[in-house]
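The block underneath contains the structure these notes are about, expressed in structure tokens.
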């Protein structure tokens, strides 16, 4: 697989420190300041250091952030796997703060296949919500949930919100005919689905 990708941007000293897998860090910065670049570098350095892909978990706030990080990592690894220019690969590894000896170059070239072949789908890069949902799905009884539960989304969520609002208004207005309210709510739900 041959891919074209520009060289890694050099890491500033504080970014290199934050990307060091041996360091405990808390990374907080405004949008567009290079957080994804630093976190991507950190994952690449973890992999270069021998971490098993399936042991790496990256959590983001948004689906877009998770997708962006996964794409950057996979594109870089694919690029390294097909890169014929040894000097370019050495520059990338040096910019990460990693060794660029022949063994390191060979290891970098094998990482893409290692990630793709890893048990459980390899790297886990997901939102905090998706991670928590997977924990709840794995331990429903411990969380007090019915096994096989699923979160509500979209139309179902909107219908529940309308129903809850209508019920609270009915209680507030002390409407005696709860059956009439239930029928009206059913009609509202059907209209909302149409």
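Distance between the modelled labels on residue 116 and residue 55, one decimal in nanometres: 2.4 nm (7 Å Cα→Cβ projection).
Neighbour counts of other Cβ atoms within 10 Å put 160, 83 in the fewest-to-most order 160, 83. For percent of Cα pairs over 30 Å apart, the value computed from the atomic coordinates appears in the list (1) 12; (2) 18; (3) 43 under label (3). Centroid-to-centroid, using Cα positions, the stretch 51-73 and the stretch 116-152 are 15 Å apart. In plain terms, the chain from residue 31 to residue 166 could stretch by 44.7 nm, reckoned as 0.36 nm per residue minus the Cα-Cα distance. Per-peptide packing, taken as the mean over residues of other Cβ atoms within 10 Å, places 87-99, 56-68 in the sequence 87-99, 56-68 from highest down.
In this simple spin-label approximation, residue 64 and residue 91 carry label points 7 Å from Cα along the Cα→Cβ vector, and these lie 3.1 nm apart.
Residues 43, 38, arranged from fewest to most other Cβ atoms within 10 angstrom of their Cβ, appear as 38, 43.
Bear in mind that the values in this text are calculations on the coordinates, not laboratory data. Everything numeric here is computed off the predicted structure, so don't read it as measured data. Glycine also receives a Cβ, built like all others from the backbone with ideal geometry; neighbour counts cover every protein chain displayed.
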